[in-house]
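Trainee: After the structure tokens below, expect a handful of questions from me.
Since every read-out is calculated from the coordinates, none of them should be taken as a lab result. The model shown is predicted, which means the values in this text are computed figures rather than measured ones. Here the Cβ positions follow ideal geometry from the backbone for every residue, glycine too, while neighbour counts run over all protein chains shown.
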Amino acid sequence: MAETITVLSEQLFAELQAESFALLSTIDHESGAPSTNAISWLFAKDSGTVRFALDQRSRIVANIRKNPLVNLTFVGAGSVHAIYGEARVAAETLEGVPFKLACFDIGITAVRDAMFYGARISVAPEYEKTYDKRAAEKLDTQVFDAMKKA
């Protein structure tokens, strides 16, 4: 049986220092069914913690409040990484951001390579903001600065 890894590798930690694309899976607070959403305001706070921010009105927030167990799927560092843990509130509201965001930390309980056998990721997913690029950069800077202070 393989050893359970409970912290981010150095390479994975380094890749999660900047805004990234990831999938956050929770359990829906009403139906009890799995729920997956794309998020980008996240970074590795340390090798055992990933921090992320969400609009306070997001259904994800209600899901985490009812069941804090989450899975964060990150595609990068040559593979697909499933990061399991328990989410907890780091800040109910982020200061210095023009709208209400909640900030959460995932206390990592396991990190698993979720890539199928015999393959590696050659190009990580990319995305672009579809609204004013200057406004997006300004907002992203405000959010990440606030998350680091939370």
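Trainee: Within the set of pairs 6 or more residues apart or between chains, which connect a residue that is closer than 17 Å to residue 91 by Cα inside region 49-77 to a residue that is loosely packed, with under 14 Cβ neighbours inside 10 Å and hydroxyl-bearing (Ser, Thr, Tyr) with Cβ atoms less than 9 Å apart?
Mentor: From residues that are closer than 17 Å to residue 91 by Cα, the pairs are 56/93.
Trainee: Something else about it: Being buried (at least 21 other Cβ atoms within 10 Å of the Cβ) and assigned to a loop (DSSP other than H, G, I, E, B) is the requirement here; does residue 94 meet it?
Mentor: Numbers: buried (at least 21 other Cβ atoms within 10 Å of the Cβ): yes; assigned to a loop (DSSP other than H, G, I, E, B): yes.
When the stated conditions are applied, residue 94 passes them.
Trainee: Additional query: Could you check, for region 114-128, whether at least one of its residues is surrounded by 15 or more Cβ atoms within 10 Å (Cβ to Cβ), without any contact (Cβ under 8 Å) to a residue 40 or more places away in the chain and not in a helix (DSSP H, G or I)? Break it down into steps so the answer makes sense when it comes.
Mentor: Start the filter on region 114-128 by keeping residues that are surrounded by 15 or more Cβ atoms within 10 Å (Cβ to Cβ), which leaves 115.
From what is left, the residues that are without any contact (Cβ under 8 Å) to a residue 40 or more places away in the chain are 115.
If we keep only those that are not in a helix (DSSP H, G or I) too, we end up with 115.
Looking through region 114-128, at least one residue is surrounded by 15 or more Cβ atoms within 10 Å (Cβ to Cβ), without any contact (Cβ under 8 Å) to a residue 40 or more places away in the chain and not in a helix (DSSP H, G or I).
Trainee: Identify all residues within region 21-46 that are part of a strand (DSSP E or B) and of a type in the set (A, V, I, L, M); write none if there are none. So that I can check it myself, show each step before the final result.
Mentor: Here is the first cut: in region 21-46, the residues part of a strand (DSSP E or B) are 22-27, 34-39, 42-46.
Of everything in region 21-46, those that are part of a strand (DSSP E or B) and of a type in the set (A, V, I, L, M) turn out to be 22, 23, 24, 27, 38, 39, 42, 44.
Trainee: Given the condition farther than 19 Å from residue 6 by Cβ and hydrophobic (A, V, I, L, M, F, W, C), answer yes or no: does some residue in region 77-86 qualify?
Mentor: Filtering region 77-86 for residues farther than 19 Å from residue 6 by Cβ gives 78.
From what is left, the residues that are hydrophobic (A, V, I, L, M, F, W, C) are none.
No, region 77-86 contains no residue that is farther than 19 Å from residue 6 by Cβ and hydrophobic (A, V, I, L, M, F, W, C).
Trainee: Which of the residues belonging to region 24-48 are more than 15 Å from residue 105 (Cα to Cα) and in contact (Cβ under 8 Å) with a residue 12 or more places away in the chain?
Mentor: Filtering region 24-48 down to residues more than 15 Å from residue 105 (Cα to Cα) leaves 27-38.
If the condition is that a residue be more than 15 Å from residue 105 (Cα to Cα) and in contact (Cβ under 8 Å) with a residue 12 or more places away in the chain, then 27, 28, 29, 35, 36, 37, 38 are the ones that fit.
Trainee: Of the residues 62, 33, only one is out of contact with any Phe, Trp or Tyr (no Cβ under 9 Å at 6 or more places or on another chain) and over 14 Å from residue 102 (Cα atoms); which? Please lay out each step first, then the result.
Mentor: Numbers: 62 fails: over 14 Å from residue 102 (Cα atoms).
The unique qualifying residue is 33.
Each row is one residue, and each column tells you yes or no for (1) assigned to a loop (DSSP other than H, G, I, E, B); (2) in contact with a Pro (Cβ under 7 Å, 6 or more places away or on another chain); (3) of a type in the set (Asp, Glu).
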{"position": "13", "(1), (2), (3)": "no, no, no"}
{"position": "17", "(1), (2), (3)": "yes, no, no"}
{"position": "54", "(1), (2), (3)": "no, no, no"}
{"position": "60", "(1), (2), (3)": "no, no, no"}
{"position": "75", "(1), (2), (3)": "no, yes, no"}
